[in-house]
Amino acid sequence: MAEYLIQTVGLPGWLTWSLLAVLSAVLILNLMAGGALVFIWAERKVSARIQDRLGPTRTGGSFGWLQSLADGIKLLAKEDLMPEGADGMLFRVAPYVSFCASFAAFIGLPFAFDMVGLRLNVGVFYVVAVLGLEVFGVILAGYASASKWSLFGAMREAAQVVSYEVPLGMCIVVPVMLAGTMDLVTIAEKQAGWFTNWYLFHDPFTFVVFWVYVTCAVASVNRAPFDLAEAESELVAGFHTEYSGLRWSFFFMAEYSSMFLVSGLAAVLFLGGWNGPVPIATLLGLSDGTGESTGAIVRLLGLANLLGKATLGVLIMMWIRWTLPRLRIDQVMTTCLKYCTPIAAVMFAGAMTWLWVFPGGVLNLDDGSRRPGEIREGWLEGPGGRSTAVSDAPVDDAPALAEIAEVSK
Amino acid sequence: MVRSGSCEAAASVRLPTGVACETQQVMGDKNMRGPAFLESLEAAVPGGVVGTNLEAIDPWVEVAPAAVADVCRWLHDSPETGFDSLQCITAVDWFEPDPKKAAKAGWDPHLELVYHLWSTRARVSLVLKTKLPRWKDDQPGVPPEVASVAGIWRTADWHEREVYDLSGVVFVGHPDLRRILCPEDWEGFPLRKDYEMPLDYHGIRGR
Amino acid sequence: MSQVIDDDPRIIEFDVRTDEMLVNMGPQHPSTHGVLRLVLRTDGEIVSEIEPHIGYLHRCAEKIGENISARQFIPYTDRMDYLAGMNMNLGWSLAVEKLMRLQVTEKARHLRVLISEMGRIASHLVGMGAYGLDLGTFSPFLYAFREREKILDLFEEACGARLTYSYITVGGLTADLPPGWLERCEAFLEQFEPIIREYHALLTTNAIFVKRTAGIGVLSPDMAINYGCSGPVLRGSGVDQDMRRDGEPIYTAMYDGYAFEVAVMKDGHYPRDHAYPAVPADAVLGDCWHRFFVRMLEVVQSMDLVRQAIDQYSACKGPLGEPVKVAEKIPAGDVYLETECPKGQMGFYLIGNGSAIPWRVRARSSSFSNLSVLAELCHGCLIADVPAIVGSLDIVMGEIDR
């Protein structure tokens, strides 16, 4: 698009890039806000159905689909309260810190081929690191609220999230190792084709790693049974006890966005990203080349795929939340340090061994739709061709590599 | 208890006196009573038992106020009784504010503490009563004193606090005697018969 | 205080001691079952001392009882344990009947069993559901309330009220059952029976639930007796006592001809335990899990009793009998009677002086004694264990504060 604006419309480069950045930001922001609205509504409906209730039925006609919007308007109109002893600046800034961390992480998440806010060659690292910043908002909120319950919530959150970053990181390293890159787009591309190409089914170890990732992801976004930071039966509402109105809703939005984000990340890392279980586009002969007319269709298909997978992940988190009791803080830590971390470590070693024994994979049904050329980081490829670091790449990569090198110019 | 089992009984039956005696017989098994028990109690705590009423629906033993702790300790510890559970402590204010009725009442104003004991092993109950003056040394406003049994049954901890709170009896030796149901700055003892509801409590209208 | 903490073996592993903090839990707190206020002394997440403050719901029921007639006091008993109003009505009615030496008709007796056991199911359903809520799972609460609503519907048909029934009264009951009620009750039991398995799946056997309750808040039998605990709290500690079997004749006579086994663990087994989930390996007799499980067993036991009562009641042909007059004089004398209410042994002490109005009314509340053990149970537990322990005691503040 940038090329189009610069070359055809003739806009100056700086303006083009600024415009595109604003466009991406607006799109992502809308995705977050809209997503939160949908997910809050879904949470209400899902929980209601699980609990033999109806949930919202009237607002906005049938199914109460406008309920979250009505809630949002109510929250906007609510008095903005702050406890007397609160640290005013921190109290006000905390929800935005949470929200911004969640928002910033979305920049690195690809929604389809080429549909990514910013394609980073360290995408995984960026997303995980930025998502981890969300905890600062929570800690600030807990500290600034001048409430003991909030402080308890914040401390729990800090302990929990920091601990769960470890196994979460280990789980993420496995697909990174399989793909040989930290670029999220490439990782997803590597899984193109039939669903058997997904890293979930790459080998038994990745299958286990996926479930460890799910556990850690649920824990790192504070959902039941790991929702200790807000544990309503113990800590009233945890870190957001003292929040009301719009500030509170920012926490809520951040929470739902994070849920969506970790689900999306799971989809990209383990479930083939925007590649559906069946390569419909390839079977129909549609090309996703940038300049071709069918590219848009393929990309929309991919977008639907990824959103569908991420939404499924969020729905599963809801299902878990409305079924299981909450763990205790020491049990949460035990789960992390005694179970998740060792299992993830062993599975990492296992996946590594598997890759060594079966370098080409076992279940791969290659239908030719993959872009195996993007196997390694671009910077590894010197002017003289492939560096030694990529010498173990599959043999049929050579022509594709050349093609990619051309495209990337 | 009439075990007629007749489904055709027309209405609730008021038991005739003779049947009531039969009821008592049955209850006798469930209640620790009888001369042998009283003798051993008298032997364990000389002068402890002041009076008894074995003909009442719930037969009771009256204990001297000074001997309450000793009697309770014996009842709790002695293997033949083993009253390991205190069910309830009640304070009854025997006081008639209306002088006309008071003249006909047939008792002098006093406070009565009623202890309901229960043995989980023998599954028998026992009622202890003790009489206290309404006010210590007849000085109105100074609650009477009696030994606490909170060291024997932990149930008594809260029950004695409640009795202190509502009826105004000071339990000597209680670990933490303060009001439990009423606010800590409440005045008076609401379950006394001459209690007057305050007209105002921190700006809240009383009546 | 610190001496006690040092002696607690669970504290030693947390050797990083920091400043202590006083935290107020309640009276407005989601998991204190009403307006209970707990003051916690905590060191981080560890609770070193807990002090319950009660009385926020004190309504002077005993004083009110000294100013109205015995039958007029019935509605006030509803408001003591407002989750099991029927059982409260029964306790007071029997105490007054004991003083008046009154015996109700056979039909009324069976109807009382039927109604009070239904009340027990309804109360235990709240206890169970709310316990799930205390542990952070919301759905069982609504599953429990869904079934409780059906019981309340039945109660509403019988007496017109859903919460404060005043149905069982001195000398009998206020009204007979409407036609078709027994069939609807049987239909309810029929559809309720399989649902209990759901509860077991969602809570009793759930791994997280077991982790949160097994071995937590262990109450030894001696301590339970010494603190005057009763009901499921006492039986959860393995003390074999149920007033329906061991109580006074006027109460046990009500259950003449009924077969039931007290829900208590004997020789490592609960009665008919092959039908229920196995006791988890971590569970210790007297912990939260056992208290909860005893309640679950009592639901089944009460269903059995209701079925028997339906048979017995339908076999009775005669009239129900009339309750006593509202201003009926009660004889002089004093009686004390304990009945087995869902929360424990509810005792009523009543002194009559020959007039219609009792001289003294005293309610011995089971939750009151059950709650007093809390400080002992919460020594050195974590903050998250406090709701778990409070919930397992299944208290009702209306009964504690009266």
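The values are calculated or read from the model by the stated rules, or taken from the named source; none is laboratory data. Please read all numbers here as calculations on a predicted model, not as lab measurements. Please note: Cβ atoms are built from the backbone with ideal geometry, for glycine as well, and neighbour counts cover all protein chains shown. For accessibility, only protein heavy atoms count, side chains too; no ligands or nucleic acids. Shrake-Rupley method; radii C 1.70, N 1.55, O 1.52, S 1.80 Å.
How many residues does segment C:304-317 hold that are open to solvent by less than 50 Å² (accessible area, probe 1.4 Å) and within 12 Å of chain B (Cβ to nearest Cβ)?
2
Can you tell me which residue within segment A:56-70, out of those that are part of a loop (DSSP other than H, G, I, E, B), surrounded by fewer than 18 Cβ atoms within 10 Å (Cβ to Cβ) and not aromatic (Phe, Trp, Tyr), is nearest to the other protein chains (Cβ to nearest Cβ)?
The extreme case among them is A:Thr57.
Does segment B:59-68 contain any residue that is within 9 Å of another protein chain (Cβ to nearest Cβ) and surrounded by 21 or more Cβ atoms within 10 Å (Cβ to Cβ)?
yes
Mind listing whichever residues of segment A:200-257 are charged (D, E, K, R) and either over 19 Å from A:Ser145 (Cβ atoms) or in contact with a Leu (Cβ under 6 Å, 6 or more places away or on another chain) (or both)?
A:Asp203, A:Arg223
Output the number of residues of segment B:72-100 satisfying the condition of being within 29 Å of B:Arg134 (Cβ to Cβ) and crowded, with 16+ Cβ neighbours inside 10 Å.
Looking only at that region, the number is 17.
Within segment C:147-186, how many residues are open to solvent by less than 60 Å² (accessible area, probe 1.4 Å), free of Cβ contacts under 8 Å to residues at least 24 places away in the same chain and within 14 Å of another protein chain (Cβ to nearest Cβ)?
Looking only at that region, the number is 0.
Would you confirm whether or not segment A:198-218 contains a residue that is of a type in the set (S, T, N, Q) and in contact with a Gly (Cβ under 8 Å, 6 or more places away or on another chain)?
no
C:Arg364 - would you say it is out of contact with any Leu (no Cβ under 8 Å at 6 or more places or on another chain) and of a type in the set (Lys, Arg)?
When the stated conditions are applied, C:Arg364 passes them.
Taking the condition of a type in the set (Phe, Trp, Tyr), surrounded by fewer than 24 Cβ atoms within 10 Å (Cβ to Cβ) and at pLDDT below 85, does A:Trp211 pass?
No; evaluated as a whole, the condition is false for this residue.
Looking at A:Gly108, A:Gly88, can you tell me which residue is at pLDDT below 85, under 23 Å from A:Met253 (Cβ atoms), open to solvent by less than 20 Å² (accessible area, probe 1.4 Å) and more than 15 Å from the chain's Cα centre (by Cα)?
Result of the check over A:Gly108, A:Gly88: A:Gly88.
Assess whether C:Ile64 counts as being open to solvent by less than 10 Å² (accessible area, probe 1.4 Å) and either within 14 Å of chain B (Cβ to nearest Cβ) or among the β-branched types (Val, Ile, Thr) (or both).
Spelling it out, it is not the case that C:Ile64 is open to solvent by less than 10 Å² (accessible area, probe 1.4 Å) and either within 14 Å of chain B (Cβ to nearest Cβ) or among the β-branched types (Val, Ile, Thr) (or both).
Taking A:Arg321 as the residue in question, decide whether it is closer than 30 Å to C:Tyr143 by Cβ, open to solvent by less than 20 Å² (accessible area, probe 1.4 Å) and at pLDDT 75 or above.
When the stated conditions are applied, A:Arg321 does not pass them.
Quick one: would you say C:Leu320 is crowded, with 24+ Cβ neighbours inside 10 Å and either within 10 Å of another protein chain (Cβ to nearest Cβ) or under 30 Å from C:Gln191 (Cβ atoms) (or both)?
Judged against the criteria, C:Leu320 is not a match.
Can you say whether C:Arg291 is open to solvent by 10 Å² or more (accessible area, probe 1.4 Å), under 15 Å from the mean Cα position of the chain (by Cα) and in contact (Cβ under 8 Å) with a residue 60 or more places away in the chain, as far as the supplied structure shows?
When the stated conditions are applied, C:Arg291 does not pass them.
Out of all the residues in segment B:148-156, is one or more open to solvent by 30 Å² or more (accessible area, probe 1.4 Å) and in contact (Cβ under 8 Å) with a residue 60 or more places away in the chain?
The answer is no; no qualifying residue exists.
For segment A:348-359, does any single residue satisfy the condition of being within 14 Å of chain C (Cβ to nearest Cβ) and loosely packed, with under 14 Cβ neighbours inside 10 Å?
no
Can you name every residue in segment A:111-141 that is under 21 Å from A:Phe251 (Cβ atoms), among the β-branched types (Val, Ile, Thr) and open to solvent by less than 10 Å² (accessible area, probe 1.4 Å)?
Within segment A:111-141, A:Val127, A:Val138 qualify.
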